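J.: Dropping a structure here in structure tokens format, bear with me for questions.
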């Protein structure tokens, strides 16, 4: 099995591409070993010293490490753990595992939120997935037009995510949904 790796805009996150589906139904994020208990793959990756985040995309795994650990030191261990799980036939995620995705929104601005979520799903999420991340709708305040988004995977903690958020996503949402005045990360 050959697993490609790609750097991401976040120097603390590396993207692993094993050439097969990882989490085809929905992206999943694990921010601790306790969070990862439902995923044999994520659990094994958290056993490697320095791993602080695992994000499972449709066909990739984005792993975030602490700054004090060098990629050259842990990358062979990460590749080994990924290969072990994928070749063992063990499930990547547990059957009982569910993740909510976008935050639910009900109220008079539900139509606006539906437009925002559709734009995020069709225009934003595919682009950030290429960089090993994901973005979910968190909330919308119709009084001040503020949209809050949750950054995941390589996007979380990325030095360039603020620019992407303001220059890219905010402009896109303001263009298509005039009620949107600003965008922030939570």
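The values are calculated or read from the model by the stated rules, or taken from the named source; none is laboratory data. These figures come from a predicted structure and were not determined experimentally. Virtual Cβ from ideal backbone geometry, glycine too; neighbours counted across all protein chains shown.
J.: Only one of 94, 107, 89, 153 is out of contact with any strand residue (DSSP E or B) (no Cβ under 7 Å at 6 or more places or on another chain) and under 20 Å from residue 53 (Cβ atoms). Can you tell me which?
T.: Sole residue among the options that is out of contact with any strand residue (DSSP E or B) (no Cβ under 7 Å at 6 or more places or on another chain) and under 20 Å from residue 53 (Cβ atoms): 94.
J.: Given 179, 184, 143, which one is at pLDDT 90 or above and either within 20 Å of residue 7 (Cα to Cα) or surrounded by 15 or more Cβ atoms within 10 Å (Cβ to Cβ) (or both)?
T.: Matching residue, one of 179, 184, 143: 179.
J.: Right, another one. Could you grab me the full set of residues in the range 10-21 that are at negative phi, over 13 Å from the mean Cα position of the chain (by Cα) and either without any contact (Cβ under 8 Å) to a residue 40 or more places away in the chain or not in a strand (DSSP E or B) (or both)?
T.: 11, 12, 18, 20, 21
J.: Determine whether the range 71-86 contains at least one residue that is surrounded by fewer than 17 Cβ atoms within 10 Å (Cβ to Cβ), outside the structural domain of residue 151 (by TED's automatic domain parsing) and at pLDDT below 95.
T.: no
J.: I've got another one for you. Please work out which residue is nearest to the chain's Cα centre (by Cα), limiting yourself to the range 160-176 and to residues that are in a helix (DSSP H, G or I) and modelled with pLDDT under 90.
T.: 161
Residues checked against (1) within 20 Å of the chain's Cα centre (by Cα); (2) assigned to a loop (DSSP other than H, G, I, E, B):
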| residue | (1), (2) |
| --- | --- |
| 94 | yes, yes |
| 105 | no, yes |
| 158 | yes, yes |
| 178 | no, yes |
| 183 | yes, no |
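J.: Can you tell me which residues in the range 33-61 are part of a loop (DSSP other than H, G, I, E, B) and on the phi < 0 side of the Ramachandran plot?
T.: Scanning the range 33-61 gives 33, 34, 39, 47, 48, 49, 57, 58, 59, 60.
J.: Taking the range 62-78 only, how many residues are part of a helix (DSSP H, G or I) and closer than 25 Å to residue 26 by Cβ?
T.: So the count comes out to 1.
J.: Is the range 118-126 home to any residue that is farther than 23 Å from residue 26 by Cα, surrounded by 14 or more Cβ atoms within 10 Å (Cβ to Cβ) and either out of contact with any strand residue (DSSP E or B) (no Cβ under 7 Å at 6 or more places or on another chain) or free of Cβ contacts under 8 Å to residues at least 60 places away in the same chain (or both)?
T.: Looking for residues that are farther than 23 Å from residue 26 by Cα, surrounded by 14 or more Cβ atoms within 10 Å (Cβ to Cβ) and either out of contact with any strand residue (DSSP E or B) (no Cβ under 7 Å at 6 or more places or on another chain) or free of Cβ contacts under 8 Å to residues at least 60 places away in the same chain (or both), one finds none in the range 118-126, hence no.
J.: Residues 134, 59: which one is surrounded by 13 or more Cβ atoms within 10 Å (Cβ to Cβ), within 19 Å of residue 29 (Cβ to Cβ), in contact with a strand residue (DSSP E or B) (Cβ under 9 Å, 6 or more places away or on another chain) and not assigned by TED's automatic domain parsing to the domain that holds residue 8?
T.: Selected residue: 134, the only one of 134, 59 that is surrounded by 13 or more Cβ atoms within 10 Å (Cβ to Cβ), within 19 Å of residue 29 (Cβ to Cβ), in contact with a strand residue (DSSP E or B) (Cβ under 9 Å, 6 or more places away or on another chain) and not assigned by TED's automatic domain parsing to the domain that holds residue 8.
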